[in-house]
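Here the structure comes first, spelled out in structure tokens, and everything after it is commentary.
The values are calculated or read from the model by the stated rules, or taken from the named source; none is laboratory data. Everything numeric in this text was worked out from a predicted model, so none of it was measured. We place every Cβ from the backbone using ideal geometry, glycine too, and count neighbours over all the protein chains shown. To get the accessible areas, we keep the full protein, side chains included, count just its heavy atoms, and leave off ligands, DNA and RNA. Shrake-Rupley method; radii C 1.70, N 1.55, O 1.52, S 1.80 Å.
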Amino acid sequence: MYISGLPVILFFTLSCSLQGGALNFSDVDIPKEHMPFYFNNFPDIAKQCANDEDCMFKDAIKESRCWGYEQGCSKPQSYSSPVCNGDFKGWAKSNEEHVNRFYDQADFGYIKDRYREMRIMCEPLFKDDSSLECADHLRFCRGRNLMLNFTDLTKRKEQMRYAMDVLKQGQIGGYCKLHKKRLMDQCDHISPLQSWGPELRNFEELKHRPIESNECDVVVEKPTFILKIDATVNMYHHFCDFFNLYASLHLNSSHPDMFSRDVHILVWESYSYLSNFAPVMNAFTKHPVWDLKTFRGETVCFRNIVFPLLPRMIFGLFYNTPVVYGCEKSGLFHAFSRHILHRLNIPFHKRQNDKIRITLLSRQTRYRRILNEDELIRKLEGNPNYVVQRVSYSHQMPFAEQLELTHNSDVFIGMHGSGLTHLLFLPDWAAVFELYNCEDENCYQDLARLRGVKYFTWEDPEKVHKEDEGHHPEMGAHAKFTNYRFDVDEFMAVVKKASDHVKNHSDFRKFLSMNAESKPLLPRTDL
């Protein structure tokens with residue numbers, strides 16, 4: 001059985017998505033603003049565009065830009081430069097070191113460092129051989145012509161999630177020269193979501209090419225990304241998965257099809273993939289998402305396979321990112337935001353006026369509700385300079401519609417909770433107001449700094465009032481397990497600070513200026 005499709009380059013040059021010898025540029029499907037970076041990576045494709053009268057990206061060819069991880073990419077040419085205006089506070093000895101540390105930990109510098117680490121673990125001698133290469137600690141790996149044996153899964157009656165024993169010794173391997181000690185030396189982060197060590201420690205050198213020897217029940221021709229995912233019910237945690245998958249596209253950027261959706265995704269668990277955030281998978285694949293049940297009882301060979309960056313790596317991206325004090329605006333986070341909004345076709349609305357659009361996220365949960373929410377909304381609506389909407393982002397509202405509301409907000413307000421992850425998709429000039437952080441100070445403040453939007457939170461502890469001490473089922477009194485009432489005047493004062501930030505932001509003023517030159521849309525009345 002063969003699952004047909006087009007492979008991606010890993011170690012050998014293959015053909016890309018060409019039509020009549022030329023790339024179909026519409027298939028690249030990335031934000032137009034990202035095309036100069038794409039062309040820089042693939043100069044032959046840029047030449048094709050220059051010679052193709054139908055190519056709509058000719059202006060992008062003229063710009064000399066690079067993401068930041070490419071060899072010879074200078075800072076003025078790179079996607080963005082972090083802003084570090086705060087005190088070093090022991091993080092660095094100079095401003096330059098301050099910026100570089102943030103860039104390497106939380107920006108495209110992280111991709112560059114993983115590039116530098118890549119080493120061959122199983123070495124091919126001929127074109128049709130297998131191959132495997134990995135970054136340090138097996139945080140990212142990719143391979144060709146590899147065999148994975150899932151026959152033992154027929155004996156597993158329990159559901160598998162975060163399992164580290166899916167494969168046994170010899171149930172993953174390839175026909176290549178295995179550098180066993182090198183591989184085992186990197187198996188030092190043995191944890192379900194920290195590395196691929198639990199799986200790749202079982203890698204063995206095969207005696208025959210598995211595909212040519214007909215040792216596979218299934219041959220997957222299309223590139224396949226295997227995902228070990230975090231909690232799918234929680235937006236903050238699930239977006240760790242999506243963000244690291246996007247970063248992995250850059251780390252695997254050796255071919256013009258680097259952003260192709262004609263790939264498979266195999267979730268490394270036996271539960272069927274279900275999530276309110278499942279539409280985001282469509283930004284990465286146009287095929288149904290697989291799980292371990294898909295290949296239960298079969299030996300599967302993958303022409304091209306990628307083991308992406310994981311959601312809970314030590315000093316990893318998103319969840320465990322050590323955000324240097326005083327720095328903000330990661331280009332990698334910005335590019336991810338743009339990529340998802342583009343792939344999901346989230347519209348950005350024109351404006352008829354310069355009023356500040358305020359969105360308050362209302363929680364319909366047992367805890368962390370705003371007890372005087374109606375009062376706060378009435379006070380906001382009384383300000384003629386604001387356009388106010390109250391939203392409840394539940395499974396009853398399609399996720400794309402949620403993103404549309406968020407993306408067209410200037411000030412986003414909400415209690416501490418995973419819904420604040422929406423701040424990733426605010427406009428660049430926006431502000432997020434975490435109404436109360438429930439004694440978890442850094443989570444969304446750091447995420448806002450990474451994305452590059454302004455962060456505000458409650459300032460006067462004497463003017464916020466708990467319903468009770470909080471009742472964690474195991475830990476007793478806890479700030480996240482109660483509800484809150486807020487002083488109205490103090491609330492409006494912080495909102496004004498957020499509003500002033502938006503009004504004074506150069507990108508907002510530029511947006512209003514450009515918007516004034518175009519025909520305004522009719523006001524929306526369906527919110």
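Working with all protein chains in place, sort Arg451, Arg182 by solvent-accessible area computed with a 1.4 Å probe, largest first.
Ranked from most to least accessible, the order is Arg182, Arg451.
When DSSP assigns beta bridges and you keep just the ones with both residues in the chain, what percent turn out antiparallel, to the nearest 5?
Percentage antiparallel, nearest 5: 45.
Which of the trypsin sites (Lys or Arg not before Pro) across the range 31-129 are loop residues per DSSP, with 12 or fewer other Cβ within 10 Å?
Lys62, Lys89, Lys93, Lys127
Show me the chymotrypsin sites (Phe, Trp or Tyr not before Pro) within the range 56-154 that DSSP assigns to loop and that have at most 11 other Cβ atoms within 10 Å of their Cβ.
Phe126
From the phi of every residue in the range 336-353, what ³J(HN,Hα) in whole Hz does the Karplus formula 6.51 cos²θ - 1.76 cosθ + 1.60 yield, where θ is phi - 60° and glycine or proline is x?
Here the 3J(HN,Hα) series is 4, 4, 5, 5, 5, 4, 5, 5, 8, 6, 7, x, 10, 7, 6, 10, 9, 7 Hz.
In whole Å, how far is the Cα centre of the range 29-94 from that of the range 387-433?
29
In terms of modelled amide H atoms, which long-range or inter-chain residues lie less than 5 Å from the amide H of Val220?
So Val220 has HN proximity to Ile3, Cys301, Phe302, Arg303.
Compute the FRET efficiency between Glu490 and Ser64 as 1/(1 + (r/R0)^6), taking r as their Cβ-Cβ distance and R0 = 35 Å, and round to the nearest 0.05.
0.10
May I ask for the longest run of the chain untouched by GluC sites (Glu not before Pro) that are loop-located per DSSP and have at most 12 neighbouring C-beta atoms (other than their own) within 10 Å?
Formally, the longest exposed-site-free interval is 213-438.
Please give the charge dipole size of the range 320-441, origin at the Cα centre, charges +1 on K and R Cβ atoms and -1 on D and E Cβ atoms. Round to the nearest 20 debye.
340
What ³J(HN,Hα) values, in whole Hz, does the Karplus curve 6.51 cos²θ - 1.76 cosθ + 1.60 give for the range 280-287 when θ = phi - 60°, with x put for Gly and Pro?
5, 4, 5, 6, 10, 9, 9, 10
Could I have the simple spin-label model distance between Gln71 and Lys177, label points 7 Å from Cα toward Cβ, reported in nm to one decimal?
2.2
Roughly how many nanometres apart are two label points built 7 Å out from the Cα toward the Cβ at Asn214 and Asp29?
3.7
Taking every pair of distinct Cα atoms and averaging 1/r, then inverting, what Kirkwood hydrodynamic radius in Å comes out for the range 427-503?
So the Kirkwood estimate lands at 13.7 Å.
Please state the charge dipole magnitude for the range 327-392, taken about the Cα centre, from unit charges on C-beta atoms (+1 on K and R, -1 on D and E), reported in debye and rounded to the nearest 20.
Charge dipole, the range 327-392, about its Cα centre: 200 debye, nearest 20.
Considering the options Gln71, Ile211, Ser191, tell which one lies farthest towards the positive end of the dipole of the chain, charges being +1 on Lys and Arg and -1 on Asp and Glu at the Cβ, about the Cα centre.
The listed residue farthest towards the positive side: Ile211.
How much accessible area per residue does the range 121-278 have, counting only protein heavy atoms and a probe of 1.4 Å, in square angstrom?
Accessible area per residue, the range 121-278: 36 Å².
Given charges of +1 on the Cβ of Lys and Arg and -1 on the Cβ of Asp and Glu, with all other atoms neutral, how large is the dipole of the range 254-309 about its Cα centre, in debye to the nearest 20?
Approximately 60 debye in magnitude.
Using a 7 Å offset from the Cα along the Cα-to-Cβ direction at both Asp374 and Val233, what is the distance between the two label points in nm, to one decimal?
My value for the distance between the label points is 3.0 nm.
I'd like the FRET efficiency for Asp128 and Glu158, computed as 1/(1 + (r/R0)^6) with the beta carbon distance as r and R0 of 35 Å, rounded to 0.05.
Result of the calculation: an efficiency of 0.35.
Quick one: accessible surface of Val233, probe radius 1.4 Å, all protein chains present, in square angstrom to the nearest 10.
130
On average, how much accessible surface per residue is there in the range 296-390, in Å², for a 1.4 Å probe, leaving out ligands, DNA and RNA?
So the range 296-390 comes to 41 Å² accessible per residue, rounded to a whole number.
Quick check: at a probe of 1.4 Å, how many percent of the accessible area of the chain sits on carbon and sulfur atoms?
47
Summing -39500 (n - 2.57) over the DSSP H runs of n ≥ 4 in the chain and dividing by its residue number, what mean residue ellipticity at 222 nm do you reach, to the nearest 500 deg cm²/dmol?
Here the helix-only value at 222 nm equals -7500 deg cm²/dmol.
In the structure shown, do any of Lys112/Lys510; Lys127/Lys181; Lys157/Lys228; Lys58/Lys127 have a Cα-Cα gap over 28 Å, and if so which?
Lys112/Lys510; Lys58/Lys127
Which ³J(HN,Hα) values, rounded to whole Hz and listed in residue order, are derived for the range 154-171 from phi using the Karplus coefficients 6.51, -1.76 and 1.60 in 6.51 cos²θ - 1.76 cosθ + 1.60 with θ = phi - 60°, glycine and proline given as x?
Whole-Hz 3J(HN,Hα) from phi for the range 154-171: 5, 8, 8, 8, 7, 6, 10, 8, 6, 7, 9, 10, 4, 10, 9, 4, x, 8.
Which one, (i) 24.6, 93; (ii) 24.6, 76; (iii) 24.2, 88, gives Rg and Dmax of the Cα atoms in Å as derived from the coordinates shown?
So the calculated entry is the one marked (ii).
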